[in-house]
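The next block holds one structure in the form of structure tokens; read it before the comments.
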Amino acid sequence: MAVTGWLESLRAAEKTALLQDGRRKVHYLFPDGKEMAEEYDEKTSELRVRKWRVKSALGALGQWQIEVGEPALPGAGSLGPELITESNSNPIFMRKDTKMSFQWRIRNLPYPKDVYSVCVDQKERCVVVRTTNKKYYKKFSIPDLDRYQLPLDDSSLSFAHANCTLIISYQKPKEVLVAESNLQKELKKVQTAHSSDGDCTTQ
């Protein structure tokens, strides 16, 4: 029922689609004023970017918050706090999904694989990453499972380590795969705008 509820909210949102640079870019405007922008690979339909923007209590547009995709480049856009950059050696956390899995990459983690522990915290509905040498600790949620109101399953979680990057994968439940397939069918029905319409490429 929850899966259907999220799909219905996507169907009800005002949508604008744009094909550009090999990507299908879709902008959603929800009745509560929230905005979501997604970018899919045009050939594979894999999600490359998902970001959210909400209005403040006074109605001003906030900054885009990236859920999936590369972190915003420091200093990009208007002058602001993003110009205060962290050291290049600090761990960089990002999400980059595949067709069958939710996937996260944490760069700049040089420790061997046997140092890491990755598990599900059922009570807090999140994934916990820690190291036995106590050099790194992080908790993060899986918003998709929260929106679909699906349980987290330890058996769906796996991780690998290569080139100083920890790669964490969570196999998508069949309910999510079906919902994503249905959504792609819906998006193909959305009238595609001309490339001059930049609404759904707002950074």
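Remarks
- Global form of region 131-175, assessed from the alpha-carbon gyration tensor, a/c cut-off 1.5: prolate
- Links that overshoot a 20 Å alpha carbon limit, given the list 55/185; 113/135; 51/135: 55/185; 51/135
- Taking every protein chain into account, the 1.4 Å probe leaves residue 114 with about 130 Å² of accessible area, to the nearest ten.
- In the context of the full set of protein chains, residues of region 91-161 present 54 Å² of accessible surface per residue (probe radius 1.4 Å, heavy atoms only).
- What the phi angles of region 170-180 give under the Karplus curve with 6.51, -1.76 and 1.60, with θ = phi - 60°, is a coupling list of 10, 5, 5, x, 4, 4, 6, 4, 5, 5, 5 Hz, glycine and proline written as x.
- Net charge of Cβ neighbours under 12 Å - reference residue 129; Lys, Arg +1; Asp, Glu -1: +4
- Hz values of 3J(HN,Hα) by residue in region 51-61 - Karplus curve (6.51, -1.76, 1.60), Gly and Pro given as x: 9, 10, 9, 10, 8, 6, 4, 8, x, 7, 6
- In summary, the aspartates and glutamates within cross-link reach of residue 188, defined as a Cα separation below 15 angstrom excluding same-chain residues under 8 places away, comprise 14, 38, 39, 41, 42, 46, 180.
- Each residue, residue 29 and residue 90, gets one label point 7 Å from its Cα in the Cβ direction; the gap between the two is 3.6 nm.
- Couplings 3J(HN,Hα) of region 33-48, computed from phi: x, 5, 10, 10, 10, 10, 10, 10, 5, 4, 7, 9, 6, 6, 6, 9 Hz, in residue order, whole Hz [Karplus 6.51 cos²θ - 1.76 cosθ + 1.60, θ = phi - 60°; x for Gly and Pro].
The values are calculated or read from the model by the stated rules, or taken from the named source; none is laboratory data. Bear in mind that the values here come from a model prediction, so they are computed numbers and not experimental data. Heads up, the Cβs are rebuilt from the backbone with ideal geometry, glycines too, and the neighbour counts pull from every protein chain shown. Areas reflect the complete protein model, heavy atoms only, side chains present, ligands, DNA and RNA absent. Shrake-Rupley method; radii C 1.70, N 1.55, O 1.52, S 1.80 Å.
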